[in-house]
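One structure below.
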Protein chains: 2
Amino acid sequence: MRVGIPGGGQLAQMLIQAAISLDIETVILENSPDSPAGRISRRQVIGDWRNAATLAAFAEQCDVVTLESEFVDEDILRKLEARGVAVYPTASTLAAIQDKLVQKQTFEKAGLPVAAYRAVETPRDVRSVAQEMDWPLLLKARRNGYDGYGNATLHGVEQLAKAWAHLGQNGRQLMVEDYVAFERELAVMIVRGRDGQVRSYPVVETIQRNHICHMVRAPAPISSHTARRARDLAIRAVEAVDGVGAFGVELFMVTKDLILLNEIAPRVHNSGHYTIEACVTSQFENHLRAVLGWPLGATNMITPAAVMINVLGAHHGPPNPDALKAALDVDGANIHLYGKRHVRPGRKMGHVTALAYELSTAEEIARAAVDLVDLRIPEPDG
Amino acid sequence: MRVGIPGGGQLAQMLIQAAISLDIETVILENSPDSPAGRISRRQVIGDWRNAATLAAFAEQCDVVTLESEFVDEDILRKLEARGVAVYPTASTLAAIQDKLVQKQTFEKAGLPVAAYRAVETPRDVRSVAQEMDWPLLLKARRNGYDGYGNATLHGVEQLAKAWAHLGQNGRQLMVEDYVAFERELAVMIVRGRDGQVRSYPVVETIQRNHICHMVRAPAPISSHTARRARDLAIRAVEAVDGVGAFGVELFMVTKDLILLNEIAPRVHNSGHYTIEACVTSQFENHLRAVLGWPLGATNMITPAAVMINVLGAHHGPPNPDALKAALDVDGANIHLYGKRHVRPGRKMGHVTALAYELSTAEEIARAAVDLVDLRIPEPDG
């Protein structure tokens, strides 16, 4: 079987690592020949997916096409579907997710609890939402936002003009959401087969820093009652968009009895990287199984606790080739580098997962390793 | 860093899977462009390593060269070393292992217990060994034997002529070993760094069928006292050949108090495949760390028990592309296929590992999955 992925980032890289064990061939479609995933894929098509000839060359090689990013145009997926290629998640699933306003509407229609939201066309609309809901509010780009690029928290009207100018550039459509004062942020990886079979991974806690995922604690330190509610909500969210494949579902735990759906990502997800070491079947393998129509693997943890911490860039420039060496000395730290050639502040360069009997121990180990990763090239002495 | 591997089989494939996570580039040297490892390596050199130009093209791309097979000529490694390429295991380590007679002599010189053995030049020599040690005896090719190709158990003189004719073809050198009636076969993966730092994996039990590894049970169901002896012996064996990298050490447990060294393989080893899922750091990652001079990772198991069973070919022909599907339904079975294009009886096509609280449960799960892998292409219904 050949699985095509438009995009060659770290998610595609980790999908390929899983694909190798099942003798699944991969085809990466990328602009550049030197992407993390393209370098290790059996097949690669270089070019722009908006170019018809490139897309055709890609489609011809694939039995199934799947995504590592939700930023592929719905239209591209429809063109692939029209060529007879199986595409999972489907174009209509993507359409229900890509525009965050439509996503919220879809969940609301399915009876799932979400924070209050409004479409806004002008700053004046935001001010009238504020009269209704009061500050703080979240101003969000409806499309193409990730890792905090694409949203701003407004604590008062004085922050509105600047945030609007920034987020609303080039006529980008925006929306407003009620700011949720949550107790914890939770996430659940859901994997759903072509036949509707669903498996859920344990509910995890995600800790963000500057809107970027910093740490994932698995399982989340919450009651089994709350975990069950979170998991059920996550499954219903994926069913609401008729999702096939792995889905990262982000939730707000407002109180132990009130959980709101935040966002859903139609792909393997940073909050599920811990599953590589900590679960029977990783999110990556299960995603491949799902989109190929194969049976899904068990999702339970094989260890009482796991913590994943992202390795984020803190400067601009190439990475230090010896960045890892000191961190390798930390027993129990599973290190993953993504092979990116350029560091940017906040860019995800890798991650570290540690397993232990307790979350606190796993966190200590992962943190010790991440603290020793030094992406900067040291200044020469003298 | 770039690590070169002459050979593109499943061991190289699994080394590459581990290399990806640490952003280590690999260079595969293979005769055919479609080997399991070559297909997924960032770099590949196609050709025969005995060809000087091919070897030079390979050497130029590598910071370190390592092995997936002990059947590379010692001379080839010396040529690479002469070009200034770091080679681990070194040519002299390989020389001490490749000829099984020299291997035995090396261990004996280091004071390590081995079964009695003799060099033999003619069938008459075997008969005189039999007078000394009595039947049964093991007749062994000194070089290039694996998976039962290269040795024969002789229960009496009547089996000698045929075995000699078969094993001794083309003037191949043979040796004789006393046949050891063991209680169990044990194996230990040892990883040794460039600086002499040593880590040992748990002692496992290996179950052979027709001289081919059938199953590995980790940890071996033996006393901690016996395990300690086995582990110490394995470490001393690797030190005796000044090994750097991962080494598979095979042992005979004759009784709980008598353990003999059987053979050592200067590479990652089938008896260590379970470490991918069951240990903090897999043998593949630790081998890469060792040959690169990096710190070694922790070798302890993260689960009480693990069982690995090989998926062996039983016919001649191409594999069934749907071989896996039914086996994927077995919860808890981690399936690895090697992407080989031809099945042969006894050929290693993949393996399955299962983790559990008890060996018996892990074995049940792994066996259920292996039994469902069907490599034969089904006959069309008539």
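What follows draws every value from the coordinates through simple rules; no lab data is involved. Computed from a prediction, not measured in an experiment: that's the story for all the values here. Backbone-built Cβ (ideal geometry, glycine too); neighbour counts: all protein chains shown.
Cα-based values for segment A:69-177, radius of gyration first and Dmax second, are 15.8, 52 Å.
Listed values for segment B:335-346 are Karplus-derived 3J(HN,Hα) couplings in whole Hz (6.51 cos²θ - 1.76 cosθ + 1.60, θ = phi - 60°), namely 9, 10, 10, 9, x, 6, 8, 9, 9, 10, x, x, and x replaces Gly and Pro.
The protection proxy used here, the mean number of other Cβ atoms lying within 10 Å of each residue, ranks peptides A:118-129, A:215-226, A:285-296, B:233-244 as follows, highest first: A:285-296, B:233-244, A:215-226, A:118-129. Distances between copies of residue B:345, taken at a point 7 Å out from Cα along the Cα→Cβ vector and listed shortest first: 6.8 nm. Peptide packing for B:358-364, A:94-100, A:332-338 was compared via the average number of neighbouring C-beta atoms within 10 Å per residue; ordered from the highest value, the list is A:332-338, A:94-100, B:358-364. Ordering of A:49-57, B:30-38 by packing is B:30-38, A:49-57, highest average first (other Cβ atoms within 10 Å, averaged per residue). List the residues of segment A:327-346 whose backbone N lies under 20 Å from a point placed 7 Å from the Cα of residue A:371 along the Cα-to-Cβ direction. Residues A:327-336 fall inside that zone.
Rounded to whole numbers, the Karplus 3J(HN,Hα) couplings from phi for segment A:111-119 are x, 9, x, 10, 5, 4, 8, 9, 6 Hz, using 6.51 cos²θ - 1.76 cosθ + 1.60 with θ = phi - 60°, and x at Gly and Pro. Computed from the C-alpha gyration tensor, the three semi-axes of the ellipsoid equivalent to segment B:184-372 are 28, 18, 16 Å, from longest to shortest. For the residue pairs A:104/A:140; A:325/A:348; B:104/B:348; B:100/B:140; A:140/A:348, alpha carbon separations beyond 20 Å are given by B:104/B:348; A:140/A:348. For the protein assembly as shown, a Kirkwood hydrodynamic radius built from all Cα pairs, placed in the Stokes-Einstein relation at 4 °C and 1.567 mPa s, yields a translational diffusion coefficient of 46 µm²/s.
A convex hull fitted to the Cα coordinates of segment A:155-290 yields 133 cubic angstrom per residue. Considering chain A as a Gaussian network with a 10 Å cut-off on Cα pairs, which listed residue, A:91, A:356, A:326, attains the greatest mean-square fluctuation? Residue with maximal mean-square fluctuation among A:91, A:356, A:326: A:326.
Here's how it looks for residue A:214: its modeled amide H is under 5 Å from those of A:207, A:208, A:209, which are all 5 or more places away or on a different chain. Shown here is the pair-distance distribution of chain B: with all Cα-Cα distances grouped in 10 Å bins from zero up to the longest one, the shares run 5, 22, 32, 28, 12, 1, 0 percent. What the phi angles of segment B:243-258 give under the Karplus curve with 6.51, -1.76 and 1.60, with θ = phi - 60°, is a coupling list of x, 10, x, 8, 9, x, 10, 9, 10, 9, 8, 6, 9, 5, 9, 10 Hz, glycine and proline written as x. Straightening the chain between residue B:258 and residue B:102 buys 53.9 nm, computed as 0.36 nm per residue apart minus the Cα-Cα spacing. Counting Cβ atoms of other protein chains within 10 Å of each residue's Cβ and taking the mean over peptide B:293-302 gives 4.
For segment B:342-382, the square roots a ≥ b ≥ c of the C-alpha gyration tensor eigenvalues yield an a/c of 1.5 or more together with a/b not exceeding b/c, which makes the shape oblate.
Look at the stretch A:316-322: the mean tally of other chain Cβ atoms within 10 Å of its residues' Cβ atoms is 1. Between the amide H of residue A:376 and those of A:320, distances stay under 5 Å, these residues lying 5 or more places away or on another chain, with hydrogens modeled in the peptide plane. Across peptide A:337-345, the average count of Cβ atoms from other chains found within 10 Å of a residue's Cβ is 2.
Taking the label point 7 Å along Cα→Cβ, residue B:315 and its counterparts in the other copies are spaced 6.1 nm apart, in ascending order.
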